[in-house]
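Data first, discussion second: the structure below is written as structure tokens.
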Amino acid sequence: MSLRLGDIAPNFKAQTTAGEIDFYEYLGTGWGVLFSHPADYTPVCTTELGKTALLQGEFEKRNVKVLALSVDGLDKHKGWINDINETQHVNVSFPIIADEDKSIAEAYGMIHPNASETFTVRSLFIIGPDKKVKLMITYPASTGRNFFEVLRVIDSLQLTSNFSVATPADWKEGEDVIVVPAVSTEDAIKKFPKGVKIVKPYLRYTPQPNK
Ligand code: BEZ
């Protein structure tokens, strides 16, 4: 059975470009992003890991640790990092997991045999401090992911977890958010002193609470 939202993200020990890692220990009490790519020394993957390195500060600000994964070995990862740094003008410092026996890829359902028998697809998991899976996305090998969207989802998830609000379609940092259905309008008015705009009894907006 593959992983689903709300499931506990499986723990693992892994060889990585930053040494041996116990996943849960590495995440500590913070958030995590674990993402797979098909193979080292490939063009789209090079840009994805470069963009992640460029956004490293944004992930850190949000208390998120990032880990990449492919089924290539450590030596290959280390050589490729030089190319990523050179071509994308970055310094990759997050760990890249060498999952040569595919045990982590199998546990997370990152191999989709009808796409490729051998390589991981572009899977990405956001994992909360409770070690539960909060988001899963899967992209084909030919499409690089949007890492600004990953940050946007993390912002939304952290708002939900801290303030009981949800975010509407295409929400961007600073825009109004939605009062979750579990909070009554009476409680919302007390809880959100910046005001509650009631469009329908089930559709209530409030300014972003942490702005
Ligand atoms: C790439 O990263 O560019 C790539 C990898 C596998 C298939 C197609 C593209």
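Every read-out reported here was derived from the displayed coordinates using simple, explicitly stated rules and does not represent laboratory data. This structure is a prediction, so every number in the text was calculated from the model and none was measured. Methodologically, a virtual Cβ is constructed for each residue, glycine included, from the backbone with ideal geometry; neighbour enumeration extends over all protein chains shown.
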Using unit Cβ charges (K, R positive; D, E negative) and no other charged atoms, how large, in debye to the nearest 20, is the dipole of the chain about its Cα centre?
-> 1080 debye
Exactly which GluC sites (Glu not before Pro) in the range 20-96 are in a DSSP loop and have at most 13 other Cβ atoms within 10 Å?
-> none
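Per DSSP H run of at least 4 residues, take -39500 (n - 2.57); add these up for the chain, divide by its residues and hand me the 222 nm value, nearest 500 deg cm²/dmol. Walk me through the intermediate numbers first.
On the way: 7 runs with 67 residues, N = 211.
Roughly -9000 deg cm²/dmol at 222 nm, from the helical runs in the chain.
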Count of Lys pairs (Cα-Cα under 17 Å; at least 8 positions apart or interchain) in the range 1-118 = 5
Could you go through the range 93-105 in sequence order and give the Karplus-derived ³J(HN,Hα) for each residue, using 6.51 cos²θ - 1.76 cosθ + 1.60 with θ = phi - 60°, rounded to whole Hz, and x for Gly and Pro?
-> 10, 7, x, 10, 7, 9, 9, 5, 8, 6, 5, 6, 4
C-alpha long axis of helix 74-88 to longest principal axis of the chain, angle in ° | 60 degrees
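Grab the Cα-Cα distance for Glu86 and Thr29, subtract it from 0.36 nm times how many residues apart they are, and report the gain in nm with one decimal. Mind showing how you got there, number by number?
On the way: separation 57, 0.36 × 57 = 20.52 nm, distance 3.31 nm.
Going from the current span to full extension adds 17.2 nm.
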Charge dipole magnitude, Cβ of K and R +1, D and E -1 - the range 1-62, Cα centre, debye nearest 20 = 180 debye
Take every DSSP beta bridge with both residues inside the chain and express the antiparallel ones as a percent of the total, to the nearest 5.
-> 70 percent
With only Lys, Arg, Asp and Glu charged, each at its Cβ (+1 for the first two, -1 for the last two), find how big the charge dipole of the range 82-203 is about the Cα centre; round to the nearest 20 debye.
-> 680 debye
Would you work out the relative contact order for the chain, in percent, from Cα pairs under 8 angstrom that are 6 or more residues apart?
-> 21 percent
Looking at the range 1-118, what % of its DSSP beta bridges pair antiparallel, to the nearest 5?
-> 35 percent
Given 14 as the ceiling on other Cβ atoms within 10 Å, longest exposed-site-free region of the chain for chymotrypsin sites (Phe, Trp or Tyr not before Pro) in DSSP loops | 42-201
Using a 10 Å cut-off on Cβ atoms, rank the peptides 93-104, 190-201 from the highest mean neighbour count down.
-> 93-104, 190-201
Length gained if Glu173 through Lys194 is fully extended, taking 0.36 nm per residue and subtracting the Cα-Cα distance, is 5.9 nm
Length gained, Glu20-Leu203, 0.36 nm per residue minus C-alpha separation, equals 61.1 nm
For the chain, find the longest principal axis of its Cα atoms and tell me its angle to the long axis of helix 147-163, 0 to 90°, nearest 10.
-> 40 degrees
Inter-site label distance for Asn11 and Lys211 at 7 Å from Cα along Cβ, in nm = 4.0 nm
Using +1 at the Cβ of each Lys and Arg and -1 at the Cβ of each Asp and Glu in the chain, identify which of Val177, Leu27, Ala53 lies farthest towards the dipole's positive end.
-> Val177
Under 5 Å, built H, 5+ apart or other chain: amide partners of Lys65 = Trp31, Gly32, Val33
